[in-house]
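The values are calculated or read from the model by the stated rules, or taken from the named source; none is laboratory data. Fair warning: this is a prediction, and the values are worked out from it, not measured in the lab. All Cβ positions, glycine included, derive from the backbone under ideal geometry; neighbour counts span all protein chains shown. The protein model used for the area step is the full one, side chains on, heavy atoms only, and it has no ligands, DNA or RNA in it. Shrake-Rupley method; radii C 1.70, N 1.55, O 1.52, S 1.80 Å.
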Amino acid sequence: MEKTKEREDRLWHIRANAAFKSHLILYLFANAGLWGLWFITDNELFQGVPWPVWPVTTWGLFLAFQYYNEKRQQTRY
């Protein structure tokens, strides 16, 4: 029989993996929408840095930290 602590750890990893996957899908669709909005509404294309770069980069960093933290927790146990 599996111990309670081992079961809780395994369930935590499953939930963390599911949360990361849903966050990744949301990231991809939302940022595709931001880039599409920028492309449609910007009259002067390719003049300077496009504004969607900032939310994509910031959100991407948080997503990378989430991935790293989840994988690090998996290797710990």
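How much area per residue is accessible in the chain when the probe is 1.4 Å and only protein heavy atoms are counted (Å²)? List each step's numbers first, then the result.
Details: 6300 Å² over 77 residues.
Value returned for the chain: 82 Å² of accessible area per residue.
Would you mind checking the tilt of helix 53-76 against the longest principal axis of the Cα atoms of the chain, expressed as 0 to 90 degrees and rounded to 10?
Roughly 10 degrees, rounded to the nearest 10.
Positive end of the dipole of the chain, charges at C-beta (+1 Lys, Arg; -1 Asp, Glu), about the Cα centre: which of ALA30, VAL53, TRP12 has its Cα farthest in that direction?
TRP12
Please give the helix 4-41 orientation as an angle from the longest Cα principal axis of the chain, in degrees from 0 to 90, rounded to the nearest 10.
10 degrees
Please report the accessible area of VAL56 (heavy atoms, 1.4 Å probe, ligands and nucleic acids excluded) in Å², nearest 10.
It works out to around 30 Å².
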